[in-house]
Structure formats: structure tokens, C-alpha cells
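Here the structure comes first, spelled out in C-alpha cells, and everything after it is commentary.
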Amino acid sequence: MNQSPILLMAPLYGPTQQALESRYTVHRLWEAPDAGALLASLADGCRVVVTTGGKGIDAATMAKLPKLELVACFGVGVDAIDLEYCRKRGIAVTNTPDVLTDEVADLALALLLATVRRIPYGDRFVREGKWLKGGMPLTQSLGGRKVGIVGLGRIGSAIAKRCESFGTTIGWYGPRPKPGVKWQHFGDVVELARWADVLIAACPGGPATHRIVSRAALEALGPDGIFVNIARGSVVDQDAMVELLGNGKLGSAGLDVFDDEPNVPQALIGMENVVLQPHMGSGTHPTRTEMGRLVLENVAAWTEGKPLVTQVS
């Protein structure tokens with residue numbers, strides 16, 4: 001066993017954590033009776049931290065690990081990691097891109113279809129015996145709609161291709177146009193929302209996208225508009241979204257992410273025009289296995305002095 005100590009910030013997918021702990025000396029921060037004492041005990045030896053996209057690691061914690069050289073993230077989003085501090089310290093950061101792209105894009109489409117066709121409501125309609133008393137009210141259709149995507153990275157592009165197969169028209173927002181992209185580019189999220197029937201957030205989290213889907217954007221989307229979020233809770237003005245969904249100024253929403261997970265506003269839970277998921281974008285066994293493989297490969301590469309497999313630039 002490699003005795004180089006590794007600090008694990010949060011639980012990982014079971015097989016990944018088992019593999020990590022079978023190969024290295026791993027210290028579980030969340031189980032430590034005294035986190036400060038554990039960090040102090042690792043200060044002279046810990047060169048690797050493994051964390052998750054949701055947990056990340058802040059500058060204050062990394063400052064207590066002066067020998068730290070690598071933060072390996074189980075997840076594609078690194079907004080919870082203080083990247084600026086890592087740059088200043090020369091700490092490498094890795095993540096798990098590509099392997100979860102299709103899974104997250106699939107869930108975005110599932111949320112969109114479930115919202116448009118009111119699938120959760122239909123399920124309850126049957127289970128509660130309401131069908132015996134008459135037919136369910138008609139729903140809307142997806143075909144022919146204009147879909148605006150906020151963030152056209154790997155996941156946003158995969159969502160756009162899926163939506164296009166349903167006969168929709170695609171527009172997108174990004175800080176700058178991308179060469180070779182055939183879909184219409186908008187330089188402003190409010191402008192995109194005003195054009196769109198559906199707005200899908202697929203951008204990274206972090207300060208640059210904080211509340212990028214603003215109250216103004218949601219109001220521009222309008223009372224028949226649909227908002228889908230598989231990005232981060234931080235990218236949308238959640239309070240405004242809840243208010244507008246409640247007063248009919250925003251039509252409906254399909255949400256996989258929230259501001260203060262796992263705490264979801266009670267108002268959302270009570271709404272019939274909202275479909276909710278517990279941050280399950282990459283939540284399948286095959287995808288989590290592949291994410292774990294990349295984490296383990298990055299840690300092994302660092303240990304063996306080889307180039308990192310998926311280093312964040």
C-alpha cells in the first residue's frame with residue numbers, strides 16, 4: 001500500500017472510495033471528531049486531496065496543508081474549489097470531464113419532457129384513481145419550440161443536439177461566439193430568454209455565472225416559458241424563480257439543482273408546475289464508475305510522476 005496520506009473531503013461513489021482506500025492511506029475529513037486536529041496532523045505529509053464537485057475545498061483548508069500538490073475532483077464542476085488559490089500555490093486540479101456529458105444531457109431532456117408533458121402529474125393521476133373519473137387535462141408539446149441554452153460547452157452542446165431531434169429551434173448564450181456553431185448566438189441572457197420558449201441552464205457554476213439567469217431573464221421567458229436547470233443552483237435567482245412560478249409569471253420548471261442542497265424551498269415542493277430531482281445529473285452506476293476511474297487515474301499519475309490525465313487549465 002502506498003502510505004502517502006490522502007485527505008478525502010466527502011464520501012465518494014462506493015467502489016471508487018473502496019479502491020482509493022485499498023491503494024492509499026486515506027483520512028476521511030467528515031468523520032474526524034476534530035477536523036482542525038486532523039488537518040494539523042496531515043500538514044507535513046498530505047500532498048493530495050480528493051473531493052467532490054459539490055464539496056470542493058476552500059483556501060482556508062488548503063492553507064493548513066502546506067505540502068498540498070494535487071486536488072482531484074470527483075465531478076466536472078470545480079466551482080467549489082478555490083482555483084485562484086490553487087493557481088497562486090501551484091496546486092494542480094483535476095476533474096472528470098466528458099464521461100458524464102451524455103448522462104447529464106439525457107436528464108436535461110427528461111426534465112424538459114416531464115415538465116412539458118406533465119409526466120409526474122400523470123403518474124399521480126393514475127395512481128390516485130382520478131382517471132376512473134375522467135381524462136387528464138391535455139398538456140403541451142415540445143416540437144416547434146425555441147430552446148435557449150445558457151452555456152454551450154460539452155453538456156450544453158449535447159443538450160442542443162438532443163433538443164434539435166425533437167424539431168426545436170436552438171439558440172444559445174455564451175460570453176463570445178464559437179466558430180463552426182450553426183445555432184444562433186445571443187450575447188445577453190435576457191435577450192435569449194425573450195426569444196426562447198424554453199431556457200436551459202447548462203453553464204458552469206462559480207462567480208462568473210452567479211445569478212446569470214436573473215429575475216429579468218425569467219420574466220422575459222414569461223408565463224408560458226419553461227426553465228430547466230441541470231447546472232448549479234447558484235446560476236439562477238432562486239427566490240425570483242420561486243416567486244414567478246408561484247404567481248404565474250413563469251410557466252414551469254424542471255430542476256435538478258438548488259441553492260442550498262439538499263434543502264429545497266417548500267414552495268417548490270408544493271407546486272404542480274415544477275418537476276424536481278435530487279441533483280442526479282450524473283447519477284448512474286456506469287457514469288459514476290467512469291468518474292471514479294478518472295479520479296483514480298489522476299491520483300496514480302501524480303503518485304508515479306506522470307502527466308495528469310484530466311488537469312483543469
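The values are calculated or read from the model by the stated rules, or taken from the named source; none is laboratory data. Only a predicted model underlies this, so the values are computations on that prediction, with no experimental measurement involved. Positions of Cβ are backbone-derived with ideal geometry, glycine not excepted, and every protein chain shown enters the neighbour counts.
Within segment 54-96, if we keep just the residues that are within 17 Å of GLU297 (Cα to Cα) and small (Gly, Ala, Ser), the residue that is surrounded by the fewest Cβ atoms within 10 Å (Cβ to Cβ) turns out to be ALA92. Could you check, for segment 135-151, whether at least one of its residues is over 26 Å from ALA216 (Cα atoms), touching a residue at least 40 places away in the same chain (Cβ under 8 Å) and out of contact with any strand residue (DSSP E or B) (no Cβ under 8 Å at 6 or more places or on another chain)? Checked against the condition, which is being over 26 Å from ALA216 (Cα atoms), touching a residue at least 40 places away in the same chain (Cβ under 8 Å) and out of contact with any strand residue (DSSP E or B) (no Cβ under 8 Å at 6 or more places or on another chain), segment 135-151 yields no hits at all.
Contact map, segment 10-21: first residue touching a residue at least 60 places away in the same chain (Cβ under 8 Å) and more than 20 Å from ILE81 (Cα to Cα), second residue of a type outside the set (Val, Ile, Thr) and assigned to a helix (DSSP H, G or I), Cβ cut-off under 6 Å, separation 6 or more or different chains; pairs are THR16/GLY292; ALA19/LEU296.
Can you find a residue in segment 23-42 that is within 26 Å of the chain's Cα centre (by Cα), closer than 25 Å to SER313 by Cα and not hydrophobic (A, V, I, L, M, F, W, C)? Within segment 23-42, not a single residue is within 26 Å of the chain's Cα centre (by Cα), closer than 25 Å to SER313 by Cα and not hydrophobic (A, V, I, L, M, F, W, C). Residue count for segment 1-53 satisfying the condition of being of a type in the set (A, V, I, L, M, F, W, C), closer than 30 Å to GLY233 by Cα and crowded, with 16+ Cβ neighbours inside 10 Å: 12. Restricted to segment 26-134, the set of helices (runs of 4 or more DSSP H) holding at least 2 residues that are in contact with a helix residue (DSSP H, G or I) (Cβ under 8 Å, 6 or more places away or on another chain), assigned by TED's automatic domain parsing to the domain that holds ASP260 and within 30 Å of HIS285 (Cβ to Cβ) comprises 101-116, 119-127. Within segment 198-208, being buried (at least 21 other Cβ atoms within 10 Å of the Cβ) and without any contact (Cβ under 8 Å) to a residue 60 or more places away in the chain holds for LEU199, ALA201, CYS203.
Tell me yes or no: at least one residue of segment 193-202 is out of contact with any Gly (no Cβ under 9 Å at 6 or more places or on another chain) and among the acidic types (Asp, Glu). Within segment 193-202, not a single residue is out of contact with any Gly (no Cβ under 9 Å at 6 or more places or on another chain) and among the acidic types (Asp, Glu). Taken over segment 214-244, residues that are within 15 Å of the chain's Cα centre (by Cα) and in contact (Cβ under 8 Å) with a residue 40 or more places away in the chain amount to 6.
Of the numbered criteria (1) crowded, with 20+ Cβ neighbours inside 10 Å; (2) under 22 Å from HIS210 (Cβ atoms), the one THR115 fails is (2).
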